[in-house]
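Participant: Please read through the structure below; I'll follow up with questions.
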Amino acid sequence: MCTEMSLDTQAEAIELLRSLIQINTTNPPGNEMKLAQWISDWLDKRGICSKIVDLGAGRANLIARLDGSTRKSALLFTGHLDTVPPGSNPWKYDPFAAEQVGDRIYGRGSSDMKGGLAAMLYALVSLKRQEIVTEHDIVLLATAGEEINCLGAQAFVDAGGMKEIAAVVVGEPTNGDVIVAHKGAAWIEITTSGSTAHGSMPHLGVNAILRMNDLLSKLSKRQFIISPNSWLGMPTISINQIQGGVATNVIPDSCTCQVDIRLIPGQTLQNATEMITDVIRELTEADPNFEAQFSVINFREPVACPEGHPIIQNALECVGGPSTVRGVNFYTDASTLLQGKSLPVIFYGPGNDAQAHQPNEFISIIKYLESIRFYGRFARYHL
């Protein structure tokens with residue numbers, strides 16, 4: 001256990017985490033308002049004021065603050081309130097019971113990322129109790145909707161919340177490693193068109209599925225002309241959904257697929273769309289009757305901490321033990337919060353990213369308590 005915490009405070013911190021897991025915030029629909037209200041009451045009893053931002057339909061952000069001595073800038077701690085559904089695979093443990101078994105607490109969101117959020121909350125309370133006043137303000141943002149559309153992060157940006165922020169710490173699961181970069185995402189829906197005919201007379205129609213096959217064959221062989229990122233490697237293209245046809249005996253006149261392109265720092269949405277535009281142009285040049293369109297259904301910026309920024313070394317010192325500096329392929333609320341700004345940002349959380357979205361998701365209690373110490377230490381560094 002964390003030697004800097006008494007047995008009583010350890011028990012209080014564990015109970016906080018179990019309470020967060022037991023409040024179901026599966027997204028959809030989210031229902032983050034219920035959890036935001038619970039956290040607000042919990043903070044209020046411990047002398048920390050907070051604000052609930054009603055986003056409608058049971059959705060909400062929570063914002064808490066500790067004032068610093070200078071009020072010139074602010075450090076943002078952030079995590080999300082929602083979780084993915086438990087899934088159809090059976091669980092050994094009730095996903096919303098937060099059962100404790102040895103060093104583990106099981107439950108949906110334990111690792112991704114109510115563990116990180118609970119640790120941030122408890123770190124703020126610990127600073128308040130010890131009457132530690134940091135030079136900068138500390139803002140804690142608990143967001144709605146990260147698992148689907150970053151609804152809460154966008155609402156925070158739209159309200160001007162990022163104007164005073166000088167650095168960001170995201171509590172996503174990192175297994176105790178210090179993450180300094182993550183890929184962005186461009187999700188693109190492509191549709192090819194054809195014309196129907198009887199399945200016994202395919203020569204009388206134009207098969208949209210075959211057109212899609214031609215398009216995807218070319219697209220899957222494409223490579224981005226860019227140097228690998230030192231933390232993230234190269235961008236990737238993954239073809240993950242496809243739908244076409246209405247019956248076995250009807251030539252399909254439409255086929256739709258969704259492509260997941262993961263971008264590295266230095267790339268933009270245009271890099272992704274240009275690649276698809278080029279493939280469609282080549283196919284149209286070969287067949288003037290070829291028809292295809294595409295639309296962007298989701299875009300998130302890649303994120304990277306400025307290279308060599310002292311926040312990285314600060315984070316390693318706060319870990320207080322072995323830790324790897326690395327990048328991850330998934331995106332987070334940071335894409336929406338930073339929106340291309342070169343702010344210092346790190347990702348650190350007690351959950352294991354390999355546990356995210358898995359059945360029987362769990363978190364190590366030892367790592368959870370260690371992360372409380374990390375956030376408390378990090379809050380005291382100069383920005």
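Participant: Do any residues in the stretch 300-311 that are touching a residue at least 60 places away in the same chain (Cβ under 8 Å) and within 28 Å of A186 (Cα to Cα) have Cβ atoms under 8 Å from those of residues that are among the basic types (K, R) and assigned to a loop (DSSP other than H, G, I, E, B), where the two are at least six apart or on different chains, and which pairs are they?
Facilitator: Listed by first residue and then by second, the contacts come to P302/K183.
Participant: Name the single residue that is surrounded by the most Cβ atoms within 10 Å (Cβ to Cβ) among those in the stretch 34-83 being small (G, A, S) and within 21 Å of T332 (Cβ to Cβ).
Facilitator: Checking each candidate, the answer is A36.
Participant: Inside the stretch 34-58, can you point out the residues that are under 18 Å from D82 (Cα atoms), outside any helix (DSSP H, G or I) and in contact (Cβ under 8 Å) with a residue 24 or more places away in the chain?
Facilitator: Correct list: V53, L55, A57, G58.
Participant: Any chance the stretch 155-162 includes a residue that's free of Cβ contacts under 8 Å to residues at least 24 places away in the same chain, open to solvent by less than 30 Å² (accessible area, probe 1.4 Å) and out of contact with any His (no Cβ under 7 Å at 6 or more places or on another chain)?
Facilitator: yes
Participant: I'm trying to understand the selection: among the residues of the stretch 332-342, which are assigned to a loop (DSSP other than H, G, I, E, B), touching a strand residue (DSSP E or B) at 6+ places or on another chain (Cβ under 9 Å) and either basic (K, R) or open to solvent by less than 30 Å² (accessible area, probe 1.4 Å) (or both)?
Facilitator: T332, D333
Participant: Do we have any residue at all in the stretch 284-292 that's surrounded by 13 or more Cβ atoms within 10 Å (Cβ to Cβ) and touching a helix residue (DSSP H, G or I) at 6+ places or on another chain (Cβ under 7 Å)?
Facilitator: Checked against the condition, which is being surrounded by 13 or more Cβ atoms within 10 Å (Cβ to Cβ) and touching a helix residue (DSSP H, G or I) at 6+ places or on another chain (Cβ under 7 Å), the stretch 284-292 yields at least one hit.
Participant: Okay, moving on. Tell me, yes or no, whether the stretch 325-337 has at least one residue that is within 16 Å of the chain's Cα centre (by Cα) and on the phi > 0 side of the Ramachandran plot.
Facilitator: no
Participant: Condition test on E99, is it within 21 Å of A379 (Cβ to Cβ) and open to solvent by 20 Å² or more (accessible area, probe 1.4 Å)?
Facilitator: Taking the combined requirement at face value, the residue does not satisfy it.
Participant: Going through the stretch 6-33 one residue at a time, which ones are surrounded by 19 or more Cβ atoms within 10 Å (Cβ to Cβ) and either outside any helix (DSSP H, G or I) or without any contact (Cβ under 8 Å) to a residue 12 or more places away in the chain (or both)?
Facilitator: Matches in the stretch 6-33: I23, T25, N27, G30, N31.
Participant: If we keep just the residues of the stretch 217-244 that are over 30 Å from A304 (Cβ atoms) and in contact with a strand residue (DSSP E or B) (Cβ under 7 Å, 6 or more places away or on another chain), which is least open to solvent (accessible area, probe 1.4 Å)?
Facilitator: G244
Participant: Could you list, in sequence order, the residues of the stretch 245-281 that are closer than 28 Å to S342 by Cβ, acidic (D, E) and either without any contact (Cβ under 8 Å) to a residue 12 or more places away in the chain or loosely packed, with under 15 Cβ neighbours inside 10 Å (or both)?
Facilitator: Result: E274, single match.
Participant: Now for a separate question. Looking at R377, R326, R300, can you tell me which residue is crowded, with 22+ Cβ neighbours inside 10 Å and basic (K, R)?
Facilitator: R300
Participant: Turning to a different aspect of this structure: Tell me, which strands (runs of 3 or more DSSP E) wholly within the stretch 78-190 include 3 or more residues that are more than 30 Å from M275 (Cβ to Cβ), among the aliphatic types (A, V, I, L, M) and at pLDDT 95 or above?
Facilitator: 137-143, 165-170
The values are calculated or read from the model by the stated rules, or taken from the named source; none is laboratory data. Computed from a prediction, not measured in an experiment: that's the story for all the values here. Ideal geometry is used to build each Cβ from the backbone, glycine not excepted, and the neighbour counts take in all protein chains shown. Ligands, DNA and RNA are excluded from the accessible area calculation, which covers all protein heavy atoms including side chains. Shrake-Rupley method; radii C 1.70, N 1.55, O 1.52, S 1.80 Å.
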